[in-house]
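Only one structure is covered here, and it is reproduced in the block below.
The values are calculated or read from the model by the stated rules, or taken from the named source; none is laboratory data. Values in this document were obtained by computation on a predicted structure and should not be read as measured data. Here the Cβ positions follow ideal geometry from the backbone for every residue, glycine too, while neighbour counts run over all protein chains shown.
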Amino acid sequence: MLVDRLLRQGAMTELVGPLSSGRTSLLTLCLRDVTGRGALAALVDTDHAFDAVGAAAAGVELRRVLWIRAEGHRRHALKAADLLVRCPGFALVALDLGESPPRLSVGAAYRLRLAARRSGVTLLVVSARRVVGGAAALAVAARRDRLAWAGPGVLPRRLAGMRSEFHLVRKQGAPSTAEAERVWWTA
Amino acid sequence: MVDGVSRVACVRVEAFAAAAVERCEPGLREQPLAVVTGAPPATRVVEANAPARAGGVRAGLSDAEAGVRCPGLVRRPASADAEAAARHALLEACLSVSPRLEDAAPGVVHVDLAGLHALFGADADIAARLRRQARAVGLEARVGVAATRAAAAVAARVGPTVNVLPPGGEGAALAAVPLAALDWPEPLAATFTRWGLTTLGDLAALPRDGLGARLGPGGLAAHDRATGVDRTPWVPWTAPVFWEEAQGLEWELGTLPALVPVLDAVLGRLCARLAAAHLVADTLEVRLALATGGHHARSVTLAAPLSDAGALVALLTLEIEAHPPSAAVTGVAISAHVVARRAAPGGLWQPPAPAPRDLAGVLARLTTLVGRANVGAPVALDSHRPDACSLTSFVVEPAEEHARSARATADAVKPARADGAIAEPTSAAASPGKPSDAAAGAEPPTEETPAGALALRRLRPPRAVTVEAADGRPLRVSDPAAGTLDVVMCAGPWRISGDWWDTDVWARDEWDVALGDDTVWRLAHNRLTNTWCLDGVYD
């Protein structure tokens, strides 16, 4: 199961990819998995982009998600993630840095990693490019593989789904491999 | 036993006005204290604590005379707020022992002991428990136990601090009490002295009708008190709908560090009351009296119900720091909206949740950081309007409630997933795009199980774009941020509308478009204004 490998207790995982690569779908899947087993998740939404209605339809227990909207203030988002990751009890703290992730110093990244390890919180950083570097225990890159369209006639009437490909970019304590996993998302 | 009460305890706090002040300033307990009223030079002593009484200070003395009699006398103005808070505190402390109370007077509570013996033991044990509860809310009380309220009230005034009159022995016990040990109206006391009465037994021996004929209602009440007979009905007291603690200040506080100890003291008393009643605070409302004569009110909604004074002080401090008062503070009043304390935090197999104190602290800091409107749990609104969601307060549900809600959600989600399965027939690629787009329009892989739903990253607010369309289908999108992009593939329209019965009517066509930069967007055409916008990007 992709989510099980992605979310490690007390570790920091980085999920990167361009728009329409499937990274937000994977983030939603993680939220569904965490809230579905009764645990609490926190989402720091830098760009106020989280689709709560779609997430609820996807099975996310919204009542067990703490949503922090930073309204584009990246420093606020980092500070909020720093506060949350020091609060034991959240199974997942997701930091969605959006399309313009800030530069994060090595010291700041390792402080986040240390805080996550101490509190046992899983920190998932989602962004367009890598920002935490070697502090991440696991780094996964997403890219779009293919789209599927549906409709009765010649012209498609709706987007049926999308297939994403997730590549393992970094795994702490293991050599880099060409390991990849393809995942279908239904629209 | 007049009205069915078999054993009654009377909880009494001596010099209640002084005790209320001592409750606000515990350091004054060992010092002679006088509660005064009136402007100088007409300031008069209203009440004095035990050390002051030992120094000769009595109610009614002028401030100057009291100062002469007791040189180290500390004076405090009478505070109606503090007395009311102390009165409620005493009642609530007694309520934690017995559900049946009577608020007899300020600082005097009658407690029905019926049915408590199986829980707490003998009369003396219950009385000791009442005394402990009163001490927990900052009040030193005397407790008398007897068969009637009148006898219990006398027992609470004389003898040891816990004075239990044995059942059936009330008459003999009361008979030995000297009249001088009790408070009487001045004319009655003078009459009793003139008649040569010295004890309650002497008074009880007089004929009741004769006392009534000579002394009126006061005489009848005095005889009832001497014989230990209750003739008034029991007036039960119920818990108030508000929980409030207040403290007036003789000095003005202009800085937050100076205000914090006052908040700490007031919240400490409030939390002691909550703990006595097995309640926790859900919302705090603080009202600061200002030197300008105005008030500064703030409301703090707690993320998790709390009764921990330290955490509440930290939260209130953060709130006042974020919204400071406009002038120096001369008084503090804090009220709490309370909820019942949960007996169990969660099940053995329930995933751990943040401690309420930690969670409340983190949420308060997040609120200070990004604003109250940007922190909470998302909730989908009951509407078909796109992006119909809002934020509600984040509350950690207990395990059982979560299991129920999870089952309900799973039931609701199942049909949606079935509808969204990608096993339905697809079209061949009818795209004007590049060869790679033909691959994008290939048949869905029915052999692969979808992992989840394709998520949408929303643009808030939706970004207005210019769209070139042919036969109603978008061909090219001009976006001020990304430039002009060709539509590689599009699907739609999904026509939706709503609120046509209201002024906020909306109607739109939604398109899923794959653009030339390898992104897939949701494009919306507003049919009312004939404008296009980008709702979000599939990601």
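Name every residue in the stretch A:33-52 that is at the interface with chain B (Cβ under 7 Å from one of its Cβ atoms), surrounded by fewer than 22 Cβ atoms within 10 Å (Cβ to Cβ) and under 23 Å from B:ASP535 (Cβ atoms), in order of residue number.
Scanning the stretch A:33-52 gives A:HIS48, A:ALA49.
Which residue is surrounded by the most Cβ atoms within 10 Å (Cβ to Cβ), if the candidates are limited to the stretch A:132-187 and must be assigned to a loop (DSSP other than H, G, I, E, B), hydrophobic (A, V, I, L, M, F, W, C) and within 7 Å of another protein chain (Cβ to nearest Cβ)?
A:ALA187
Report yes if B:LEU188 is among the hydrophobic types (A, V, I, L, M, F, W, C), over 30 Å from B:LEU315 (Cβ atoms) and in a loop (DSSP other than H, G, I, E, B), otherwise no.
no
Go through the stretch A:1-12 and give me each residue that's more than 8 Å from chain B (Cβ to nearest Cβ) and either within 14 Å of A:LEU43 (Cα to Cα) or of a type in the set (A, V, I, L, M, F, W, C) (or both).
Result: A:MET1, A:VAL3, A:LEU6, A:LEU7, A:ALA11, A:MET12.
In the stretch B:42-67, which residue that is out of contact with any strand residue (DSSP E or B) (no Cβ under 7 Å at 6 or more places or on another chain) and in contact (Cβ under 8 Å) with a residue 24 or more places away in the chain is nearest to B:ARG29 (Cα to Cα)?
The selected residue is B:ALA50.
When the stretch B:37-58 is examined, which residues are found to be outside any loop (DSSP other than H, G, I, E, B) and surrounded by 21 or more Cβ atoms within 10 Å (Cβ to Cβ)?
The answer is B:VAL45, B:GLU47, B:ALA48, B:ALA52.
When you look at B:LEU515, is it under 30 Å from A:ARG32 (Cα atoms) and in contact with a helix residue (DSSP H, G or I) (Cβ under 6 Å, 6 or more places away or on another chain), yes or no? So that I can check it myself, show each step before the final result.
Details: under 30 Å from A:ARG32 (Cα atoms): yes; in contact with a helix residue (DSSP H, G or I) (Cβ under 6 Å, 6 or more places away or on another chain): no.
Spelling it out, it is not the case that B:LEU515 is under 30 Å from A:ARG32 (Cα atoms) and in contact with a helix residue (DSSP H, G or I) (Cβ under 6 Å, 6 or more places away or on another chain).
Look through B:LEU73, B:LEU130, B:LEU61 and report the one residue that is crowded, with 16+ Cβ neighbours inside 10 Å and within 21 Å of B:VAL235 (Cβ to Cβ).
B:LEU130
Consider the stretch B:162-172. How many of its residues are crowded, with 18+ Cβ neighbours inside 10 Å and at pLDDT 90 or above?
Qualifying residue count for the region: 4.
Within the stretch B:248-280, which residues are farther than 14 Å from B:ALA309 by Cα and in contact with a Gly (Cβ under 7 Å, 6 or more places away or on another chain)?
B:GLY248, B:LEU249
Those residues that are surrounded by fewer than 22 Cβ atoms within 10 Å (Cβ to Cβ), within 7 Å of another protein chain (Cβ to nearest Cβ) and touching a residue at least 12 places away in the same chain (Cβ under 8 Å), I need them from the stretch B:360-390; list them, please.
Within the stretch B:360-390, B:ARG365, B:ASN374, B:ALA377, B:VAL379, B:ASP387 meet the criteria.
Among the candidates B:ARG298, B:ARG273, which residue alone is of a type in the set (Lys, Arg) and under 24 Å from B:ALA377 (Cβ atoms)?
Among B:ARG298, B:ARG273, only B:ARG298 is of a type in the set (Lys, Arg) and under 24 Å from B:ALA377 (Cβ atoms).
Could you check A:THR28 against (1) more than 7 Å from every other protein chain (Cβ to nearest Cβ); (2) crowded, with 24+ Cβ neighbours inside 10 Å and say which number it fails?
(1)
Does A:LEU62 satisfy the criteria of being out of contact with any Lys or Arg (no Cβ under 9 Å at 6 or more places or on another chain), buried (at least 24 other Cβ atoms within 10 Å of the Cβ), within 17 Å of B:CYS389 (Cβ to Cβ) and facing chain B (nearest Cβ under 7 Å)?
When the stated conditions are applied, A:LEU62 does not pass them.
What is the number of the single condition among (1) buried (at least 21 other Cβ atoms within 10 Å of the Cβ); (2) closer than 22 Å to B:ALA150 by Cβ; (3) in contact with an Asp or Glu (Cβ under 6 Å, 6 or more places away or on another chain) that B:ALA85 does not meet?
The failed condition is (2).
Kindly evaluate B:ARG273 against the criterion of being part of a helix (DSSP H, G or I), of a type outside the set (Ser, Thr, Tyr) and touching a His at 6+ places or on another chain (Cβ under 9 Å).
When the stated conditions are applied, B:ARG273 passes them.
Each row is one residue, and each column tells you yes or no for (1) assigned by TED's automatic domain parsing to the domain that holds B:THR317; (2) buried (at least 16 other Cβ atoms within 10 Å of the Cβ); (3) within 22 Å of B:VAL154 (Cα to Cα).
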site: B:THR193; (1), (2), (3): no, no, yes
site: B:LEU197; (1), (2), (3): no, yes, yes
site: B:GLY201; (1), (2), (3): no, yes, yes
site: B:PRO217; (1), (2), (3): no, no, yes
site: B:PRO233; (1), (2), (3): no, no, yes
site: B:LEU253; (1), (2), (3): yes, yes, no
site: B:PRO257; (1), (2), (3): yes, no, no
site: B:PRO261; (1), (2), (3): yes, no, no
site: B:CYS271; (1), (2), (3): yes, yes, no
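Of the conditions (1) within 14 Å of another protein chain (Cβ to nearest Cβ); (2) in contact with a helix residue (DSSP H, G or I) (Cβ under 7 Å, 6 or more places away or on another chain); (3) free of Cβ contacts under 8 Å to residues at least 60 places away in the same chain, B:PRO352 fails just one. Which one is it?
Checking B:PRO352 against (1) within 14 Å of another protein chain (Cβ to nearest Cβ); (2) in contact with a helix residue (DSSP H, G or I) (Cβ under 7 Å, 6 or more places away or on another chain); (3) free of Cβ contacts under 8 Å to residues at least 60 places away in the same chain, the one that fails is (2).
From the list B:ALA173, B:ALA150, B:ALA124, pick out the single residue that is of a type outside the set (Asp, Glu) and closer than 12 Å to B:ALA9 by Cβ.
Going through B:ALA173, B:ALA150, B:ALA124 in turn, just one is of a type outside the set (Asp, Glu) and closer than 12 Å to B:ALA9 by Cβ: B:ALA124.
Quick one: how many residues across the stretch B:468-522 are facing chain A (nearest Cβ under 9 Å) and farther than 21 Å from A:SER20 by Cα?
Result for the stretch B:468-522: 1.
State whether the residues of the stretch A:48-66 include one that is in contact with an Asp or Glu (Cβ under 6 Å, 6 or more places away or on another chain) and not in a loop (DSSP other than H, G, I, E, B).
No, the conditions are met nowhere in the stretch A:48-66.
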